[in-house]
Amino acid sequence: MVQKLLHTCYRIVDREASLKFYTEIFDFTISRDRKFPEHGFDLVYLVVPGSDFELELTYNYDSEPYEIGNGFSHMAIGVDDLQAQHQKCLDAGYETTELKGLPGHEPSYFFVSDPDGYRLEVMLNKKDA
């Protein structure tokens with residue numbers, strides 16, 4: 001049986017702030033934008049160029065901020081220029097950690113939080129990172 005991961009869903013409070021974060025900071029593109037105003041929610045699906053895995057942003061109209069469970073940690077994205085992406089996140093004012101590395105290794109990742117507090121691990125595109 002062939003299996004494939006399809007998407008991850010984040011519930012968001014500010015549709016425009018979330019779209020700005022993912023499309024302007026990380027170059028995600030909108031693959032589908034489904035609006036259901038009569039039911040009070042929108043579903044926006046985003047992809048990273050070259051991937052068919054989607055990030056689903058569920059925007060429930062008039063929602064209070066969500067609590068992110070302590071069992072969830074993060075989603076990861078690979079980039080070719082870690083330092084440039086790190087600086088882009090800092091310059092945009094997002095909560096961003098210092099560059100980090102595994103014990104005994106050069107820095108190869110950092111974490112940044114999106115407008116709703118979901119953490120994204122940004123990793124150097126290397127198999128041994």
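When the residues of the range 18-34 are filtered to those that are touching a Leu at 6+ places or on another chain (Cβ under 8 Å) and closer than 14 Å to residue 113 by Cα, the one that is surrounded by the most Cβ atoms within 10 Å (Cβ to Cβ) is 22. Sub-6 Å Cβ pairs linking a first residue in the range 42-57 that is in contact (Cβ under 8 Å) with a residue 12 or more places away in the chain to a second residue that is of a type outside the set (Lys, Arg) and not in a strand (DSSP E or B), at least 6 apart or interchain, are 46/22; 46/28; 48/28; 53/5; 57/18, ordered by first then second residue. Inspection of the range 11-19 finds no residue satisfying the criterion of being over 21 Å from residue 94 (Cβ atoms) and either among the hydrophobic types (A, V, I, L, M, F, W, C) or modelled with pLDDT of 95 or more (or both).
Of the residues in the range 83-90, none is at pLDDT below 95 and either over 23 Å from residue 16 (Cβ atoms) or over 13 Å from the mean Cα position of the chain (by Cα) (or both).
Only a single criterion out of (1) in a helix (DSSP H, G or I); (2) not assigned by TED's automatic domain parsing to the domain that holds residue 110 is not satisfied by residue 34, namely (1). The strands (runs of 3 or more DSSP E) falling completely within the range 59-129 that include 2 or more residues that are among the charged types (D, E, K, R) map to 119-124. Among the conditions (1) touching a strand residue (DSSP E or B) at 6+ places or on another chain (Cβ under 9 Å); (2) surrounded by 12 or more Cβ atoms within 10 Å (Cβ to Cβ); (3) not charged (D, E, K, R), the only one that residue 49 does not satisfy is (2).
The values are calculated or read from the model by the stated rules, or taken from the named source; none is laboratory data. Treat the numbers as computed from the prediction; the structure is a model and nothing was measured. Note: ideal-geometry Cβ built from the backbone for every residue, glycine included; neighbour counts use all protein chains shown.
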